[in-house]
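Taking it in order: structure first as structure tokens, then the write-up.
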Amino acid sequence: MMIAKKLKSLRVSLLSQVVKKLKAFKFYSPYWISIWGFCICIALTPYKLLSSEAADYDANITELLTNADKYKSSDVEKYLQLLEQVKQSKQELNKKQQELLKYLESYKSAYDGKFEDAILGYQEILADSNDEEIKFRAKISLVNIYGIVRNYSEGFSYLQSLIQDIPNIKNHEYRQQGLIIAAFNYNSFQKYDKGLEYSDKLLSEQLTERNSCFAKQLKAEASYHLNTLEVDLKFLDSAALHCERINEMIAASLIHVLKARYFLNNNEPEKAANYLLKHHSLVKSSEYPSILGQYYIVFAKAKLALLEIDEAEFYANKVLEIVDREEYVKSKVVAYSLLHEIAKEKGDFKLALEHYERYSQADKAQINEVLAQQLAYNIVEHQTEEKIQEIKLLNKQNEVLKLEQDLSKEEASNNRLMVILLIFILTSLAFWTYRVKRNQIKLKRQSETDLLTGVSSRQHFYFMCRKTLEHAKKTNQEVTFVLFDMDGFKSVNDNYGHLVGDWVLKKAVSVCIPCWRKNDIAGRLGGEEFALMLPTCNMERAQEIAEQCRKAIEAVDTSDSGHKFPLSASFGITTTRFSGYEFSKVIGDADKTMYQAKAAGKNQVCCVEISDN
């Protein structure tokens, strides 16, 4: 990108210099023009070559990043070499390349144990990137890191966000990684119903051999814990063979341990011990402390059930040798419990007490760990449920607004339905106010405005008129009131349909708005009837405004609606000098005057007659 910009700048500079030379020496003859043209071609040849090289360079950077991403877990040394090569040209990278580099650098920080740096890097990607896939991968990494550092609240929060993104991810591998992370985390935190749900979703995908192994192992683990005595042994065997075939020994070992636990729970300790012994070398080859700890625990339990006390003690102590670190507290709890039972069986009560004390300490740590996980899970679930409820509420409000739009098209005979709807809205708002305070202003504005024309709704208009009249009465100001009705509107609806009728109403209001003053109050009273209250305005000025509106409506070209027909309106005007400050009297007098205009032939302005007294 930077190279291409420099080359473009070089070309522009070269061409401008050539033009200056031509003007300076006045070499405009065909001969000189051909000479300069030849020179320009020679000069621009390197530019073309360099442009091609820039494109190749850009592709090479992308290939380096792609390979680094590919080898980051399988060949760390090669991954680091590729990363260093890319960093040398960091300033030349485009936005997408920079984001992938940031992702790979954050991965390295996590690999080195610098989890805070890794978290900051991934969060920068989430904040700055528009690429949904790289953001999805960053969330996967954040879920893993927060699990390692035991920040379960943040981990679950990102997990929920990750799950919501899964349906939108097109890349099969990334989507499958997301499903694996979801199933793994739910199993880890003993939410096995959720683990089974996402492992089944994973198995419904077109999986790679590796991901298929993980999906089967996760499904086996969840199924075992949900229904221990009805485990599908054929599924366990096929899953274990599949994982062994592709050399995924960790997953295969976990499945073998599950099957041995099944035998043990089914009161078949000898069968469990023989099965574990058969797969001892495979499990040991995983070199994974957590799996080896589970393996030796089941072995110790089986030996204890067979009354082979010394061997049971040997394997229980083997567990403690392997799982000495803090994150394996669950295995420690079981190991100390077994050693406590074994010491009692041998009659060594002092040792039994020591083991029991260690068991109590480990059990307390495990309980605290589980409580922290459950608390984090419940908090995030509650927050997620609140968001779901908010979305449902918004959907419900959208439905209400749609109903309002439909109802606004009905005539006054449907006012009862409007009242029911308003009661429903008010009831809903009263129930949800504490969750949706930020929506109150929006709902208030919509309830005060006629959704079709943009002027005040009937209720809001009446309210504003009464307030205006009260103020005018106190200050002894004159207020005029204009009522107008579209002529022949019913025939427009009948002949051309309600869509054209709506177009007429909106058009009529839009051409009248320029005629009104800024402080005038306009409202739609229902159907095709509109009203205008003009504070501090006398009859003569009101008549001028009404006449301007009448002419504007009459001049409307209706061909934009798809039909050609005349358009007009009849206006009636009254003033507080005649009607007083009682709103019902004002609107009644204006209504009578408007019908006088209708009776006199329509398309005209009529005013109340004010006597000299």
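The values are calculated or read from the model by the stated rules, or taken from the named source; none is laboratory data. Keep in mind the model is a prediction, meaning the values are calculated, not measured. Virtual Cβ from ideal backbone geometry, glycine too; neighbours counted across all protein chains shown. The accessibility values were calculated without ligands, DNA or RNA, using every heavy atom of the protein model including side chains. Shrake-Rupley method; radii C 1.70, N 1.55, O 1.52, S 1.80 Å.
Tabulated data for the structure shown
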{"item": "Residue check, LEU483 open to solvent by less than 60 Å² (accessible area, probe 1.4 Å), touching a strand residue (DSSP E or B) at 6+ places or on another chain (Cβ under 6 Å) and not in a helix (DSSP H, G or I)", "result": "yes"}
{"item": "Filtered residues of region 557-570 (kept if open to solvent by less than 10 Å² (accessible area, probe 1.4 Å) and in contact with a strand residue (DSSP E or B) (Cβ under 9 Å, 6 or more places away or on another chain))", "result": "ALA569, SER570"}
{"item": "Candidate set: region 281-324, residues that are of a type in the set (Ser, Thr, Tyr) and part of a loop (DSSP other than H, G, I, E, B); chosen: the one least open to solvent (accessible area, probe 1.4 Å)", "result": "SER286"}
{"item": "Filtered residue count, region 228-247, keeping only those that are open to solvent by less than 70 Å² (accessible area, probe 1.4 Å), assigned to a loop (DSSP other than H, G, I, E, B) and either touching a strand residue (DSSP E or B) at 6+ places or on another chain (Cβ under 6 Å) or modelled with pLDDT under 85 (or both)", "result": "1"}
{"item": "Any hit, region 96-111, residues being open to solvent by 10 Å² or more (accessible area, probe 1.4 Å), out of contact with any His (no Cβ under 6 Å at 6 or more places or on another chain) and outside any helix (DSSP H, G or I)", "result": "no"}
{"item": "Any chance ASN493 is in contact (Cβ under 8 Å) with a residue 40 or more places away in the chain, part of a helix (DSSP H, G or I) and surrounded by 13 or more Cβ atoms within 10 Å (Cβ to Cβ)", "result": "no"}
{"item": "Only listed residue being buried (at least 18 other Cβ atoms within 10 Å of the Cβ) and either of a type in the set (S, T, N, Q) or touching a residue at least 60 places away in the same chain (Cβ under 8 Å) (or both), chosen from GLN81, GLN85, GLN164, GLN177", "result": "GLN177"}
{"item": "Complete set of residues in region 128-145 that are in a helix (DSSP H, G or I) and polar (S, T, N, Q)", "result": "SER141, ASN144"}
{"item": "Index of the failed condition, ILE545 passing every other in (1) under 53 Å from the mean Cα position of the chain (by Cα); (2) touching a residue at least 60 places away in the same chain (Cβ under 8 Å); (3) within 30 Å of LYS474 (Cα to Cα); (4) not in a helix (DSSP H, G or I)", "result": "(4)"}
{"item": "Close pairs (6 angstrom Cβ cut-off, 6 or more residues apart or separate chains): within 17 Å of LEU525 (Cβ to Cβ) in region 579-591, of a type outside the set (Ser, Thr, Tyr) and not in a helix (DSSP H, G or I) anywhere", "result": "VAL586/PHE481; ASP589/VAL608; ALA590/PHE481; ALA590/LEU483; ALA590/GLY572; ASP591/LEU483"}
{"item": "Residues of region 328-350 satisfying the condition of being free of Cβ contacts under 8 Å to residues at least 12 places away in the same chain, assigned to a helix (DSSP H, G or I) and either open to solvent by less than 20 Å² (accessible area, probe 1.4 Å) or among the charged types (D, E, K, R) (or both)", "result": "LYS344, LYS350"}
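Rundown of residues vs (1) crowded, with 18+ Cβ neighbours inside 10 Å; (2) without any contact (Cβ under 8 Å) to a residue 12 or more places away in the chain; (3) under 47 Å from the mean Cα position of the chain (by Cα); (4) over 27 Å from LYS473 (Cβ atoms), yes/no style:
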position: LEU499; (1), (2), (3), (4): no, yes, yes, yes
position: GLU528; (1), (2), (3), (4): yes, no, yes, yes
position: ALA555; (1), (2), (3), (4): no, no, no, yes
position: GLY572; (1), (2), (3), (4): yes, no, no, no
position: THR593; (1), (2), (3), (4): yes, no, no, no
position: GLY601; (1), (2), (3), (4): no, yes, no, yes
